[in-house]
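**Q** Provided herewith is a single structure, encoded as structure tokens, for subsequent inquiry.
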Amino acid sequence: MAPVLVLWLAVCLSVTWAVDRGNFKTCDQSAFCKRQRALKPAESPYRALLETMELTNTRLTLQLINDNNKVRLLLELYRLQGNMTRVKINELKPLKPRYEVPDVLIREPPTEPLSLLSQDENGVVLSLGAESQRVIVSARPFRLDIMEGRDVLMSLNSRGLLAFEHLRMRKDTQVEPEAEKKEEGDPANQSETTKEEEEKVEDGMWEETFKSHSDSKPNGPSAVSLDFSLPGVEHVYGIPEHADTLRLKTTDNGDPYRLYNLDVFQYELYNPMALYGAVPVMLAHNAQRTTGIFWLNAAETWVDISSNTAGKTVFGKMLDYVQGSSETPQTDVRWISESGIIDVFIMLGPTPNDVFSQYASLTGTQSFPPLAAVGYHQCRWNYNDQEDVTSVDAGFDEHDIPYDYIWLDIEHTDGKRYFTWDPHKFATPKEMLQGLMDKKRKMVAIVDPHIKVDSNYKIHNEIRSRGFYIKNKDGGDYEGWCWPGSAGYPDFTRADMREWWASMFAYDQYEGSMENLYTWNDMNEPSVFNGPEVTMHKDAVHGAWEHRDVHNLYGFYVQMATAEGLIQRSGGVERPFVLTRAFFAGSQRYGAVWTGDNAAEWEHLKISIPMCLSLGLVGISFCGADVGGFFKSPSTELLVRWYQTGAYQPFFRAHAHLDTPRREPWLFGPENTALIREAVRQRYALLPYWYQQFYHAHRTGQPIMRPLWVEYPQDPATFALDDEFLIGRDLLVHPVTEEGARGVTAYLPGKGEVWFDVQTFQKHNGAQNLYIPVTMSSIPVFQRGGSIIPKKIRVRRASSCMMHDPYTLYVALNPQRTAEGKLYIDDGHTFNYEKKEFIHRRLSFTNNILSSVNLAPDAQFTTQSWIERIVILGASKPSTVTLKTADGKESQLEFDFDASMSVLTLRKPGMNAGVDWNVMLQ
Amino acid sequence: MCCQYILLLLLLGVSGGVSAVEVQRPRGVPLSKRQFYEEDKPFTCLDGSRNIPFDRVNDDYCDCQDGSDEPGTAACPNGSFHCTNAGFRPGFIPSSRINDGICDCCDTTDEYNSGAACQNTCRELGRKERESLQKMAEIAKEGFLLKQQLIQEAKRGLEDKKAKYADVQLSKNEFEKRVEALRTVKETAEQPEKEAKERHLKAWEGKLGCESISPSTVCTEHYITDSIVSLINIFLARLSCLDATYNSTAQKARDAFDEAERALREVDDQIKNLEKEISFDFGPTAEFAYLYSQCYELTSSEYIYRLCPFNRVSQKPKYGGSETNLGTWGQWAGPEDNPYSIMKYEHGTGCWQGPNRSTTIKLTCGKETVLTSTSEPSRCEYLMEFTSPAVCQEPSSLDSVLHEHEEL
């Protein structure tokens, strides 16, 4: 490693084990946040000019005027298909265009007609179609209320916090600001100019410094802000990424939640500081309804949450209740962004799944990964050389632990030049990749977006000569420090740049690459070691826009371009796999994310659950945390528990910092090797179910890893749970995340439902807190009564080795003695499923008949896999079991009945997994 | 695909020729267990847990908890498959590797239904292994001879050391006596001085001037004052008076005594070192003794690594820069059955945000004593390979291994 870099690291990274908060801004240190937050709820200065209203078939437009400064805004209101309302507010006549986020919406959202219900001088009432939903636009002061029947679902600007800093000429340097303004000639404005409405010039409007960094702000103040009131709501979720609880906290006594993609060294838990990614989507939930707010803005954003019930004790709430004096609980939310416009999508639910499909209709669904990517990933910074890779690969076989991908971090490159290989340590990458391919395994190599400034480096020369680098405020190529030393940052907001980048993944461009090499995009916040808050200067220039406008989109675009590259290199045949650290709304379309540089601590293991749950709620299902913890060295117990937890989270990858001792699964004694092996094997056995969940998420936008309240939306006991979760609908996982735990208490939801321990098949009733004694081998997982889960219990060394293996079906009966599940099969790695090459079947058990019916009769795919075993939980003993296949043939099946656990096992029914059949118990 | 039987062509190496014998048994069963799989009888799971009809052996469904009913399929999660590997070494693979599309057995028998295009590589592997074993055997043979020399040398060295130890022990007695004698001389010589001192002290306590005890005129000029500073000065001055008076005789005696004591200490050190060397664990027959106080170097592209066995390991940048300690001698750290195969050096220079550096040395048999490779598998944990004849095993034991491998 270059001594300069070591020195640099030593200087820029704190030596203590905690985030250096001083490196990151508080709201008070971020001028626009401070300015906006100083505004307190009051009567809004904005008034709707009803006479300017225009109502077309697709939208309503209306001017708003700020009575303090007479600046006019244009409000656009759309009713969107699928029970959504879009509210857009921009300056009516901005000095220059304001940034509107492109590429995040998968299309211009289709609208539905709005109709005028009534109108008077106080406002207008518009119908939102069915279910007596209306929007009330009040004129003075301006506010919007969305109602259903007599209930207000959501109010906008009800607290008067709408603020829109209009673009303006800088006055302290203007010679004749007054004259110029008069000449502008808007008659409505002109009459008012004599009034005292001069905007105060505050500190930080035209220039701002943080630590040694100054932000030149040539466009002056440009912040936007709006408040939302949610009557009847006490639980709000989402707006990742924060290392915090699932249920968002009120922010009255501290900073707002911040959304600003940052490379935070050794992040702290349970606080609202910004992390690597930002998805400006919040969900609000109560027992009656779930709604969502999508604030489409890519600039630095802060979100304040307050609640009228926060701080009230349970006793206080009870008192309110008995005295009947209870005011309706209400949560108030306020969004503040540094630039851009207000463009907000209000998703009206009413169910959680409705909100997921509404959001998916805007930004798309989780990409469908290759099956192998759902397996286990072995990573470390760094596997030293090809020999090291070979020996780790062999270690997995020697210890009979399956894995699919081995990863290479930055040290694999030739001097941190991405797309290259260290000529000594990785002299023959194709040989290495072929070795892995021979074992049906794959590799991921890192490709970061900072490009070493080096005139002998092809990638740099090309980007420079094509003018693809982001520019600094003075027009030169922006340069910052990162792993390679001085580095340039390609402007991924440019479509032509992304196209070129994608072409670099072609096999003839990316030397040493093969079809089993995939990509990892790290440091794409972007991380700039010597930049303000370890990121890029906000006055850096992306064509017509400032970095300020696009910051939170950068990582999104990097992953987009990379995924596109992996698709293109195979001629559009193969599904890509790209992991990213930074993300934005819509990133789900391009691959997986992980929770960044966590630490080998129990609290970090715990927080992995709410962090991934929060991401899942806003569309990003393919989430995981570094198993074992990135920084520091885990105790053996923590490592084992982390494997057990990670095995039940969507993205399952172990990773470790360069400075930590090795921690491959077999380095902690045979007992622990066996525990880790068992956890990984449980993952592999469940791959058919996981894969099906990914397919479902890809089709519907529903999260894979879900909070319990999503499936039990009327049970308040589930609303704040974040130490357990569901995978799909049917598996409940309560990982052990306490050191030295002797037991865990899991809440099993669902009155009248039952849950089966997947190891012992013990049946438990729903709607109870269940104490489960645990040992080191315990991973408390329960299958919902009423579900059917397919598994492949012949676990092999990599997922593709299991392709043709037979299925075991786990049929867990509910008290009504029915169950239902699905089976999805395709080739596991191509886009051919889009051409209907797959098998999708519904498995259902009712009236003592288990049957498989085709859910996609127009799809075509054949499989060698068959049904080797059917395990029925909660069954009674039949006298005969008859299998009937599509050709009408009947045969008797042998079975085994365990009366103590009521488990019926049908031996070797043997039918192909892709055909119709039924099994009758008599 | 029920009941997989295979006809195994059993090649028995018989001197002068090869004859083939056919042995029928279910797929994946080793010869040693053939008797448990009898076609006409119900099969008893090898753990005794269950009886099943024989047609359920290798029927691709797992009936036995221990996996013994499916030796030739992947149906049991804990099963194992026996590859005969004629021409090479027979072995077991986990049954999850049967028909997984990856060739594991060199005789290709594990991939009988996966479509994987496996080549039978057993003969080639066998040949290579024999060659390498042969080579190793040659090295071992020569190395073992060298080792005998080393053992002899070590024995001689040990005898020498023991003899020297005895000598030194003897001389230690001499030195002790001498020290005692000189102590008496010294004490006698010091007696007047001591008395003078005592008197002086008394006088001091009685606040007497130094003129009463000292002939020195310098001293007489001092007066007792209340000032502490001057008191100290006076005391120091008085001592110098004493020195001036008694220096010559007492000092000579003292010097002689100190000299003798120093010599005794040296002898003690020598004894300690000898004891350490004599009792040091240089292996069961002291074959590693020759490494003591030697150093071996290996140069990589960036660093020069230096191993001084039983002392320390270090690393120095090739192009200038200071040396880093990669660990000092800790202990033998091989597995229980072969503790002298690994050396551990610990507590080297600390790492930034990491542990102290440490080094593991793997020893293998070689004719020469060479540091052959070095790596850093984990940050600040070094691994080196080191060959030495001292590790070589008796070749006869290797011969038997080699012989075994030629069998099925």
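The values are calculated or read from the model by the stated rules, or taken from the named source; none is laboratory data. Just so it is clear, the model here is predicted, and its values are computed rather than measured. Cβ sites come from the backbone with ideal geometry, for glycine too, and all protein chains shown count toward neighbours.
**Q** Being under 20 Å from B:Tyr290 (Cα atoms) and surrounded by fewer than 17 Cβ atoms within 10 Å (Cβ to Cβ) is the filter here, so list the residues in the stretch B:306-328 that pass it.
**A** B:Asn311
**Q** Applying the selection to the stretch B:104-125, what residues are part of a loop (DSSP other than H, G, I, E, B), crowded, with 20+ Cβ neighbours inside 10 Å and of a type in the set (A, V, I, L, M, F, W, C)?
**A** Selection gives B:Cys105, B:Cys106.
**Q** Pick out, from the stretch A:846-893, the strands (runs of 3 or more DSSP E) lying fully within it that include 3 or more residues that are in contact with a Phe, Trp or Tyr (Cβ under 7 Å, 6 or more places away or on another chain) and more than 14 Å from chain B (Cβ to nearest Cβ).
**A** Counting at least 3 such residues, we get A:881-885.
**Q** Hey, any hits in the stretch A:435-447 for a residue that's outside any strand (DSSP E or B), within 14 Å of chain B (Cβ to nearest Cβ), of a type outside the set (D, E, K, R) and in contact with a strand residue (DSSP E or B) (Cβ under 7 Å, 6 or more places away or on another chain)?
**A** Checked against the condition, which is being outside any strand (DSSP E or B), within 14 Å of chain B (Cβ to nearest Cβ), of a type outside the set (D, E, K, R) and in contact with a strand residue (DSSP E or B) (Cβ under 7 Å, 6 or more places away or on another chain), the stretch A:435-447 yields at least one hit.
**Q** Here's another thing I want to ask about it. Which members of the stretch A:228-259 meet the condition of being surrounded by fewer than 22 Cβ atoms within 10 Å (Cβ to Cβ), more than 23 Å from A:Ser621 (Cβ to Cβ) and touching a helix residue (DSSP H, G or I) at 6+ places or on another chain (Cβ under 8 Å)?
**A** Correct list: A:Asp255 only.
Here is a yes/no grid of residues against (1) in contact (Cβ under 8 Å) with a residue 12 or more places away in the chain; (2) out of contact with any helix residue (DSSP H, G or I) (no Cβ under 8 Å at 6 or more places or on another chain); (3) surrounded by fewer than 24 Cβ atoms within 10 Å (Cβ to Cβ):
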| site | (1), (2), (3) |
| --- | --- |
| A:Glu564 | yes, no, yes |
| A:Trp594 | yes, yes, no |
| A:Leu605 | yes, no, no |
| A:Phe622 | yes, no, no |
| A:Val627 | yes, no, no |
| A:Thr636 | yes, no, yes |
| A:Arg641 | yes, no, no |
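**Q** Just give me the residues in the stretch A:761-777 being closer than 16 Å to A:Leu748 by Cβ and part of a loop (DSSP other than H, G, I, E, B), in sequence order.
**A** Correct list: A:Phe761, A:Gln762, A:Gly766, A:Ala767, A:Val774.
**Q** Now for a separate question. Inside the stretch B:55-72, can you point out the residues that are within 12 Å of chain A (Cβ to nearest Cβ), assigned to a loop (DSSP other than H, G, I, E, B) and closer than 17 Å to A:Gly910 by Cβ?
**A** Result: B:Asp59, B:Asp60, B:Tyr61, B:Cys62, B:Asp63, B:Glu70.
**Q** Could you list all residues from the stretch A:632-664 that are closer than 21 Å to A:Val593 by Cα and small (Gly, Ala, Ser)?
**A** Passing the criteria: A:Gly646, A:Ala647, A:Ala654, A:Ala656.
**Q** Of all residues in the stretch A:639-675, which are within 27 Å of the chain's Cα centre (by Cα) and not in a loop (DSSP other than H, G, I, E, B)?
**A** Hits for the stretch A:639-675 are A:Leu639, A:Val640, A:Arg641, A:Trp642, A:Tyr643, A:Gln644, A:Thr645, A:Gly646, A:Phe652, A:Arg653, A:Ala654.
**Q** State the number of residues belonging to the stretch A:788-799 that are facing chain B (nearest Cβ under 8 Å) and touching a residue at least 60 places away in the same chain (Cβ under 8 Å).
**A** Residues that pass the stated criteria total 4.
**Q** Being of a type in the set (Val, Ile, Thr), in contact (Cβ under 8 Å) with a residue 24 or more places away in the chain and farther than 19 Å from A:Tyr689 by Cβ narrows it down to one of A:Ile839, A:Ile849, so name that one.
**A** The unique qualifying residue is A:Ile849.
**Q** Same structure again: Just one of the numbered conditions (1) over 29 Å from B:Leu125 (Cα atoms); (2) within 42 Å of the chain's Cα centre (by Cα); (3) buried (at least 21 other Cβ atoms within 10 Å of the Cβ) is not true of B:Val57; which one?
**A** (2)
**Q** Would you mind telling me which numbered condition in (1) polar (S, T, N, Q); (2) surrounded by 17 or more Cβ atoms within 10 Å (Cβ to Cβ); (3) under 24 Å from A:Met169 (Cβ atoms) A:Asn68 fails?
**A** For A:Asn68, the exception is condition (2).
**Q** From A:Ile839, A:Ile870, grab the single residue that is farther than 24 Å from A:Gly785 by Cα, β-branched (Val, Ile, Thr) and buried (at least 18 other Cβ atoms within 10 Å of the Cβ).
**A** That would be A:Ile839, the only listed residue that is farther than 24 Å from A:Gly785 by Cα, β-branched (Val, Ile, Thr) and buried (at least 18 other Cβ atoms within 10 Å of the Cβ).
**Q** Out of all the residues in the stretch B:269-280, is one or more closer than 19 Å to B:Arg156 by Cβ, out of contact with any strand residue (DSSP E or B) (no Cβ under 9 Å at 6 or more places or on another chain), assigned to a loop (DSSP other than H, G, I, E, B) and in contact (Cβ under 8 Å) with a residue 24 or more places away in the chain?
**A** yes
**Q** Name, by its number, the condition in (1) in a loop (DSSP other than H, G, I, E, B); (2) within 28 Å of A:Ala42 (Cα to Cα); (3) in contact (Cβ under 8 Å) with a residue 60 or more places away in the chain; (4) among the hydroxyl-bearing types (Ser, Thr, Tyr) that does not hold for A:Thr251.
**A** Status for A:Thr251: all satisfied but (3).
**Q** Here's a follow-up. Kindly indicate whether any position in the stretch A:404-415 is in contact with a Gly (Cβ under 7 Å, 6 or more places away or on another chain) and not in a strand (DSSP E or B).
**A** Among the residues of the stretch A:404-415, at least one is in contact with a Gly (Cβ under 7 Å, 6 or more places away or on another chain) and not in a strand (DSSP E or B), which makes the answer yes.
The rows are residues; the columns are (1) within 14 Å of another protein chain (Cβ to nearest Cβ); (2) in contact (Cβ under 8 Å) with a residue 24 or more places away in the chain; (3) part of a loop (DSSP other than H, G, I, E, B); (4) not acidic (Asp, Glu).
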site: B:Ser322; (1), (2), (3), (4): yes, no, yes, yes
site: B:Glu336; (1), (2), (3), (4): no, no, yes, no
site: B:Gly348; (1), (2), (3), (4): no, yes, yes, yes
site: B:Lys362; (1), (2), (3), (4): yes, yes, no, yes
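**Q** Okay, next question. Within the stretch B:100-114, which residues are away from chain A (no Cβ under 14 Å) and under 41 Å from the mean Cα position of the chain (by Cα)?
**A** Across the stretch B:100-114, the qualifying residues are B:Cys106, B:Asp107, B:Thr108.
**Q** For A:Glu739, are the conditions met, namely being touching a strand residue (DSSP E or B) at 6+ places or on another chain (Cβ under 7 Å) and at pLDDT 95 or above?
**A** No: the conditions fail for A:Glu739.
**Q** Tell me yes or no: at least one residue of the stretch B:43-54 is more than 14 Å from chain A (Cβ to nearest Cβ) and of a type in the set (Gly, Ala, Ser).
**A** yes
**Q** Might you let me know whether the stretch B:73-89 holds any residue that is within 14 Å of chain A (Cβ to nearest Cβ), surrounded by fewer than 17 Cβ atoms within 10 Å (Cβ to Cβ) and in a loop (DSSP other than H, G, I, E, B)?
**A** yes
**Q** Within the stretch A:478-580, considering only strands (runs of 3 or more DSSP E) that don't extend past its boundaries, which have at least 2 residues that are closer than 24 Å to A:Phe651 by Cα and at pLDDT 95 or above?
**A** Answer list for the stretch A:478-580: A:517-521, A:578-580.
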